[in-house]
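Notes follow once the structure below has been shown.
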Amino acid sequence: MGLAPIEKTGEGKWASNFDTPEAQAAIQYYLDGFYKYKVDSFSVERDITAFAKEKSAMIQKESQAIPFLEKTSPDLEYGTVLTHKL
C-alpha cells in the first residue's frame, strides 16, 4: 500500500498510519477475502494440528513441532528443511 504502519513523529514518539484511505483499503481487502470470497474460515484447523491430520501440505515451524508430530501422528511421513536465521 506504500505506507509504513507506523512512523516516527518526534524523539521517542510514534504514530500509526491506520486511519488513512490506504489502511482502510488494506483492511477491506482482507475482510473481503475472508467474508465475501471465503478464502479462509474460523472453522479451518490451523498450523501444526492441520498438518498432523494431513489437512495441510506443509508448515513452517520451529523444531518443537517434531516431538508433537511424533506423539500425535507417529505414521506421518514428512521432511524438514533449515530456514535462514532472521
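Please treat every number below as a calculation from the coordinates, not as lab data. Note that the structure is a prediction, hence the values are computed from the model and not measured. No Cβ is skipped: glycine too gets one built from the backbone with ideal geometry, and neighbour counts run over all protein chains shown.
So the values come out like this:
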read-out	value
Under 12 Å, Cβ to Cβ, from residue 28 - net charge with Lys/Arg +1 and Asp/Glu -1	-1
Check: the chain dipole with +1 on Lys, Arg Cβ and -1 on Asp, Glu Cβ, in debye	40
Long-range lysine pairs (8 or more apart or interchain), the chain, Cα under 27 Å	9
Whole-Hz couplings from phi, Karplus 6.51/-1.76/1.60, listed for segment 23-35; x for Gly and Pro	5, 4, 5, 5, 5, 5, 4, 5, 5, 4, x, 6, 8
Ellipticity estimate at 222 nm from DSSP helix runs (n ≥ 4, -39,500 (n - 2.57)) divided over the chain, nearest 500	-8000 deg cm²/dmol
Dipole magnitude of segment 45-86 about its Cα centre (Cβ charges: Lys, Arg +1; Asp, Glu -1), debye to nearest 20	180
Cα-derived Rg to Rh of the chain, Kirkwood definition	1.15
Given the chain, longest segment not containing exposed loop trypsin sites (Lys or Arg not before Pro) (DSSP; at most 12 other Cβ within 10 Å)	1-37
